[in-house]
Amino acid sequence: MKKLLYTLFLFCLFVACDNDDDVTNEAGVSFVIAPSTRANEKTSFSDGDAIGVYAVDKATGLASSGNICDNKKYVFASSTQSFKAASQADKIFNYDNKDLEFYVYYPYSSSIDDATNVMHVLSGVREDDFLVAKTSGSGNALPLNFRHLLSKIRVNYTPDQASSDLSMSVNTYKACVINLANNQIDKVGNRAALLLEKTQLESVTEFAGVIVPQTYTQSTLFGTITAGGKPYSFSFPADRTFASGEENEVAFMGSENQYIFSATPASISSVAAGSTTSLNVISTKSKTINGVVQPGTTESIGYSLTSKPDWVTISGNTILVAENTSLSARSGDIVYTQETSGNSATINVTQDAAAITYGSWVVSVSANPTTIAPAGGTSAISATASRDVFTNGTKTSTETATPSLAASGTGFSLSGKTLTASNNTGAARSCVVAASHGGVSKTVTVTQSAVSVTYGSWVVSVSANPTTIAPAGGTSAISATASRDVFTNGTKTSTETATPSLAASGTGFSLSGKTLTASNNTGAARSCTVTASHGGVSKTVTVTQSAVSVTYGSWVVSVSANPTTIAPAGGTSAISATASRDVFTNGTKTSTETATPSLAASGTGFSLSGKTLTASNNTGAARSCTVTASYGGVSKTVTVTQSAAVITYDYVFSFSDGTTSKTWTGVSATGATNTFTINSYRKKYVNGTFSLNEDVFMSDRADVSWITLTGSSVIVADNNTTSPRGGVVTFTQGTSGLTVKITVIQLKKNEIIIN
């Protein structure tokens, strides 16, 4: 795989797209290119080739739009070998007061409205590559390096026989979206055939073009060559990636040599003492087409030893590593070179540094004499230390040293190699002299005879505190002493004390040191005998434990109801009740005892049957029932409530004929009285069931002064005018606010007598 080496150098000024006082060059900036630079294989740009330029604030970077300059068109002129603005509107100016950065792309497209979402479509021509660049600086010309975003491919085709009808298409994505801000490329759509450009070379036919960066898996079609009217499809034997900016060569049905050259093992790790390793070399040459070895073409080819470390010997197929006597590790390479191909195979050889090891120190010590008389004297101490030295596991020498000496014993002192014992007026005594070196010690004991000392009989005593342990268990402290008189030459000179040994015998008891422990007693009373012994003398003490004690906790009663609220029309509630108490053995809870509480209910309108509480239909206020669960003198209650009766009403307010308005016309001018029958009551429903009718009071009023009301009677006064008149009487039902109305029309008087 070859990298694209095409590099564009563009020079431009820092720019801006508007005119103000800070313009450095009113002619605007231009971009100068170096010769032999092109997105494709041409040697130069052509007149009319165009690039797109974005000028942005360096601190913010490229935005999708709204930059200082967006997609300004610059066109190449071969006469000046530079790009210049395509029009006055495209001209970019430089400013002293702005720190600008330029994003450039090729080829130019006028349809771009989002710099982060640029569509690029391949057609198969050499101009399909897409270039991007970024720069900043000052002056009239700035270097600008273009980067190739697409991937170039060259397919070399070697046919088995000549054919003039050759073409090739690659199975690729034809469209992509490019973000000029970060040069990210996203594939668009699906793969399709893209025709490559054909060039006839001396021995092969080359097909070339650019594709969107992508990866072809082992099962994905890469391309198809058509030769003599027959298509030949091609997929890679393994996954292959075509990256941005790379140039890739692909051999299609090409015939080539495949060399295999390897030497095993690839590495040898030897101990310092040396090693022997078997060598295996594989050196072959095969003919391949599209990476597939052709049958009958594999042959062995020669190879030679190129280099090796001088401490390595090769005999036939055996590699010998000599012993390393140096204290430094060493390494080197054995290199073989294959004939014809020049391929090399390397075996890395490493060897440990020489291992210097040591045997264990051997220390010896002796005393002369080993017994000193009671009156005192000296003993000469002799001590030596030595160890073996090994190189790579073989003994090569012996190392010696002088051990340090230390003496431990009352009445003895060590000076140099001389041990001195003072006059002994007591029992026989000894001194241990230790010789030490390298963590190894040896000792010799020197003794001194005692004066004549005799002893009285041992006296042993033992006691326990306490001597009685509670049933739940506990401990008792054991005290024991032992003593005897010491006589020097028949005269008591001191008393010797000792600590007796203790032993316990008794089920459920254990002795640790001076502490006797009794476990929890779940049976009858029991005891343990503790024996204190020393010098053949024993004494005992007895500790007892009381019998088991069983006690009970208080009864705990619980009760619940489901549900705790019953509807007014009645219903049931399930009562649940439990009773339990803890059982303690020696004060420790060991179990729980359960029982069934008795139930009792108290509440009007309720009845209890077993565990079912029943509420009858409630026609009054809300009510409740208390259910009591009792056991062992303990009670708990739960309250079940029943909602109050649901009272609803239907109101009736009308005249006897069911109407709610009447008109009384033709009332005499001299006045009149009329009584109306009005129904005013409400229908009462309890829990949705009709109960009874209840009268409802009503109020009345007339909107004129000449009408008076008595109950449901309307009284119209004398009309002293020559004009008819009218008025309205309104009756209103209390609570509901319903109304009935009577419209009164009174006739006029024909004449008025004035006194």
Item to complete: For residue 298 and residue 463, compute 0.36 nm times the residue count separating them, minus their Cα-Cα distance, and round to one decimal in nm.
Response: 49.3 nm
Worksheet entry | Whole-number D in µm² s⁻¹ for the range 88-132, Kirkwood Cα-pair radius fed into Stokes-Einstein, 25 °C, 0.890 mPa s | 184 µm²/s
Worksheet item: So for 432, 444, 627, fewest C-beta neighbours within 10 Å to most, what's the order?
Response: 432, 444, 627
Worksheet item: By counting other Cβ atoms within 10 Å of each Cβ, how are 455, 173, 336, 259 ranked from fewest to most?
Response: 455, 259, 173, 336
Worksheet item: Seen from all sides and averaged, what is the projected area of the convex hull of the Cα atoms in the chain, in nm²?
Response: 100.6 nm²
Practice prompt. Would you mind checking 230/287; 91/134; 492/514 for any pair whose Cα atoms are more than 27 angstrom apart?
Written response: 492/514
Worksheet entry | Share of Cα-Cα pairs in the range 584-690 lying beyond 19 Å, as whole percent | 71 percent
Practice prompt. Let me see the pair-distance distribution of the range 649-746: every alpha carbon pair, 5 Å bin width, integer percents in order.
Written response: 3, 12, 23, 20, 14, 10, 7, 5, 3, 2, 1, 0, 0
Worksheet item: Over the Cα atoms of the range 454-548, how large are the radius of gyration and the largest Cα-Cα distance (Dmax), in Å?
Response: 16.7, 59
Discussion item. Please rank 511, 100, fewest neighbouring Cβ atoms within 10 Å first, as an exposure proxy.
Written reply: 511, 100
Practice prompt. Describe numerically, in nm with one decimal, the distance between label points set 7 Å from Cα along Cα→Cβ at residue 695 and at residue 713.
Written response: 1.7 nm
Worksheet entry | Cα pair count fraction exceeding 22 Å, expressed as % - the range 257-354 | 38 percent
Worksheet item: In the calculated pair distance distribution of the range 104-255, what percentage of Cα-Cα distances lie above 22 Å?
Response: 46 percent
Response to the item:
Once both label points are put 7 Å beyond Cα along the C-beta direction, the residue 119-residue 282 separation in nm becomes 5.2 nm
Worksheet item: Which percentage, to the nearest 5, of the DSSP beta bridges contained in the chain is antiparallel?
Response: 90 percent
Discussion item. Would you work out the Kirkwood radius for the range 551-642? I mean one over the mean of 1/r across all pairs of different Cα atoms, in Å.
Written reply: 14.2 Å
Worksheet item: Of all DSSP beta bridges located in the range 551-642, what percent are antiparallel, nearest 5?
Response: 95 percent
Worksheet entry | Antiparallel bridge percentage (DSSP; both residues within the range 649-746; nearest 5) | 85 percent
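Every number in this text was worked out from the coordinates using simple rules, so none of it is lab data. What you see is a predicted model; the values in this text were computed from it and never measured. Note that we place each Cβ from the backbone using ideal geometry, even for glycine, and neighbour counts take in every protein chain shown.
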